[in-house]
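Asks: Sharing a structure with you now.
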Amino acid sequence: MAARPASSSPEHTRPYKLARMTDAVDVDSATTAVEPIPSYRPDAKTRRYDRQLRLWASAGQRSLESARILLVGHDASGCQTLKNLILPGIAHFAILSDTSTTMADVGSNFFLHPSSVGKPIAAEEVGYLKELNPAVSGEAHDQSVEQLLESEPDFFTSFTLIIASNLPPTIESRIADLLWQASEAVGGPDIPLIAIRNSGFIGRIEIQLREHPIIDSHPDTTHTLRVDTPFRLLDDYARSLDLDNMDSMEYSHVPWVVLLVRARAMWLDQHSGQLPETSEEKAKFKAMLKGLKRKGDEENFEEAESQAYRVWNKSEVPYEVQQLLQDPSVRDVSANSKNLHFLLHALGIYLKDTPHLPPVSPSLPDMHSSTTSYVALQNLYKQQFKHDLGVYSGILEKVLERVGLPADAVPSEEVEGFARNVAGVGMVKGNALKDVKGVRGALRELIVNEVTPDGEPSVNLSLHLALLAAERFHTAHGRWPNTDRSADPAAETHELEATLLRIVQELNPKVQELPEPVTQSIAEVVRGAFGCIATTAAFLGGIAAQEAIKLVTNQYTPLDNVVIADLVHSTLEKFKL
């Protein structure tokens, strides 16, 4: 076949070439001129912890991820508590126990296996618990608690929080005393202790802490809208709106905050600068507001009328915050003070200037409004918050410098969070565990008032008294009641009743016999033989972990200081003892 002649046309000047596999290019090379599309998908960590971040936000998660938790004990209640802390991502946990695993342990604890029998229980539990979250480290300490308390007490104070699960009362008391004494020193660690005790279907959780700061208690509302004393930006904005020339759609979507501030300005102009005071004046104000409506179904005006009380109700510093400002630890700060003490001290100085109110909150509640109007209003609050934050931060820096600390000793993020949520801050002053267990203070009053010849104490109080009597039994005999097969459970029940009756008679000599709820509670506690049932352990573990998270993140208000769970009657009651 004759060869095909070369064409002289321009499109055929290049030689023919067959495509080969080696000529292929990958996608990246073929699209080098294309800008990569950014991915807005959350990273793996955010996806893992998404739901809990909605509860305590990134600041709380950072606190959680730096927490070191120690479990002293090895039972199911302690492991269930750790499970609920490992899953949300604490930094590290440790289990301290020198006990070997038994079949009884395996029968109640999901974090043990029949193959664990005979092996060190702490190491076995740590191995299974670590599988829950690879981001959390854990270690086992196969040592005697008593010996470690003697030889290395600093081991206990190296943790963020300690959980004592069903320890003998004497050991529990020694750990509690160690932590309480450590917190006495200026600048010493204030390490919370969560003590768990359960017997069958009965459980109790006690918390020891000296002073616990709450950065955000998450109150129902933190919106300081300042309608009664609007800041200049808000007042000017409300006065400048040309309501007369708005169309009906725009008019019906003016936020109720703006309507109230505008109506307030109108009232002041007509009443010599005086806000409504009497019921008659308040009714006239509402009537004036109602008169501004163009149609009967304008929802923004209905909201404004329902919120009209904000015009004459004076904005004030929350009572709880006022009490905190009077605390000696807040009034007199030093280089060893906690961050919250500095923040509150600076707030006290800030409040001395007009209008004697905390920084404006930059957040707004939901309201009937157009997006444009809502965003415009929100920007006003954000601008004012930025100004207030600058003034407050300057005061705080001077306070820190005065005590010899750098201006950034309190992280700026913490300062901003405090200023955003002054209404949500708080402080819990706790008691030593020995005082909680002692028959004094609040418990003494409860016994005097409820354990009387004619009285009938609550079941949960009765259970607490029964547990206290059982702990005294353990201190005397070195074991729990109904745990020695050679002993008579009925005789041990009578011994607990006699112990408790002596306590009651010291306070109420007229009491000749214990009320029925108390004797029934003693019988139930003895019947449980201080065994750790899986269902009770799971329930108590959920409560204890919830309180631990509150303590670690400094968010929400923690239990103060005792809660009793009765799973027989499905009741739960907390006490401040």
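Asks: Output the number of the condition that His356 fails; it satisfies all remaining conditions of (1) in a helix (DSSP H, G or I); (2) of a type outside the set (D, E, K, R); (3) open to solvent by 30 Å² or more (accessible area, probe 1.4 Å); (4) under 20 Å from Ala423 (Cβ atoms).
Replies: With respect to (1) in a helix (DSSP H, G or I); (2) of a type outside the set (D, E, K, R); (3) open to solvent by 30 Å² or more (accessible area, probe 1.4 Å); (4) under 20 Å from Ala423 (Cβ atoms), His356 is out only on (1).
Asks: Right, something else. Is it fair to say Pro114 is more than 24 Å from the chain's Cα centre (by Cα), buried (at least 16 other Cβ atoms within 10 Å of the Cβ) and more than 18 Å from Gly541 (Cα to Cα)?
Replies: No, not satisfied.
Asks: Residue pairs, Cβ under 8 Å, 6 or more apart or interchain, first in segment 318-332 and assigned to a helix (DSSP H, G or I), second acidic (Asp, Glu). List them.
Replies: Ser329/Glu211
Asks: Determine, yes or no, whether Asp560 is out of contact with any Phe, Trp or Tyr (no Cβ under 8 Å at 6 or more places or on another chain), surrounded by 15 or more Cβ atoms within 10 Å (Cβ to Cβ) and acidic (Asp, Glu).
Replies: Yes.
Asks: Which of the residues spanning segment 432-485 are among the aliphatic types (A, V, I, L, M), open to solvent by 10 Å² or more (accessible area, probe 1.4 Å) and over 28 Å from the mean Cα position of the chain (by Cα)?
Replies: Listed by number, the residues that qualify are Val439, Leu446, Val448, Val459, Leu468, Ala476.
Asks: Across segment 368-425, what is the number of residues that are touching a strand residue (DSSP E or B) at 6+ places or on another chain (Cβ under 6 Å) and in a helix (DSSP H, G or I)?
Replies: Number satisfying all stated conditions: 1.
Asks: Regarding Arg226, is this residue closer than 23 Å to Thr354 by Cβ, open to solvent by 30 Å² or more (accessible area, probe 1.4 Å) and of a type in the set (D, E, K, R)?
Replies: no
Asks: For Ala182, all conditions in the list (1) modelled with pLDDT of 95 or more; (2) more than 23 Å from the chain's Cα centre (by Cα); (3) more than 30 Å from Arg48 (Cα to Cα) hold save one; what is the number of the exception?
Replies: It is condition (1) that Ala182 fails.
Asks: Can you name every residue in segment 480-524 that is free of Cβ contacts under 8 Å to residues at least 60 places away in the same chain, among the hydroxyl-bearing types (Ser, Thr, Tyr) and part of a helix (DSSP H, G or I)?
Replies: Thr493, Thr499, Thr519
Asks: Also, I was wondering about something else. With the condition kept exactly as written, say whether any residue in segment 310-320 is over 21 Å from Pro230 (Cβ atoms), of a type outside the set (Phe, Trp, Tyr) and modelled with pLDDT under 95.
Replies: Yes, the conditions are met somewhere in segment 310-320.
Asks: Before we move on, is Asp98 surrounded by 15 or more Cβ atoms within 10 Å (Cβ to Cβ), touching a residue at least 40 places away in the same chain (Cβ under 8 Å) and over 27 Å from the mean Cα position of the chain (by Cα)?
Replies: When the stated conditions are applied, Asp98 passes them.
Asks: Mind checking which residues of segment 220-248 are touching a residue at least 12 places away in the same chain (Cβ under 8 Å), hydrophobic (A, V, I, L, M, F, W, C) and closer than 14 Å to Glu298 by Cβ?
Replies: Within segment 220-248, just Leu243 meets the criteria.
Asks: I've got another one for you. Just for segment 333-347: of the residues that are farther than 12 Å from Pro213 by Cα and part of a loop (DSSP other than H, G, I, E, B), which one is most open to solvent (accessible area, probe 1.4 Å)?
Replies: Asn336
Asks: A follow-up question, please. Can you name the condition, by its number, that Glu401 falls short on among (1) in contact with a Leu (Cβ under 9 Å, 6 or more places away or on another chain); (2) at pLDDT 95 or above?
Replies: (1)
Asks: Has segment 191-205 got at least one residue that is of a type in the set (Lys, Arg) and open to solvent by 60 Å² or more (accessible area, probe 1.4 Å)?
Replies: no
Asks: In addition: What about Ala346, is it more than 28 Å from the chain's Cα centre (by Cα) and among the aliphatic types (A, V, I, L, M)?
Replies: Here the answer is no, as Ala346 does not meet what is asked.
Asks: Got at least one residue in segment 57-73 being under 21 Å from Val145 (Cβ atoms), touching a residue at least 60 places away in the same chain (Cβ under 8 Å) and among the hydroxyl-bearing types (Ser, Thr, Tyr)?
Replies: Looking for residues that are under 21 Å from Val145 (Cβ atoms), touching a residue at least 60 places away in the same chain (Cβ under 8 Å) and among the hydroxyl-bearing types (Ser, Thr, Tyr), one finds none in segment 57-73, hence no.
The values are calculated or read from the model by the stated rules, or taken from the named source; none is laboratory data. Just so you know, these numbers come straight off a predicted model, no measurement behind them. Quick reminder, even Gly has a Cβ in these numbers, built from the backbone with ideal geometry, and neighbours come from all protein chains shown. The accessibility values were calculated without ligands, DNA or RNA, using every heavy atom of the protein model including side chains. Shrake-Rupley method; radii C 1.70, N 1.55, O 1.52, S 1.80 Å.
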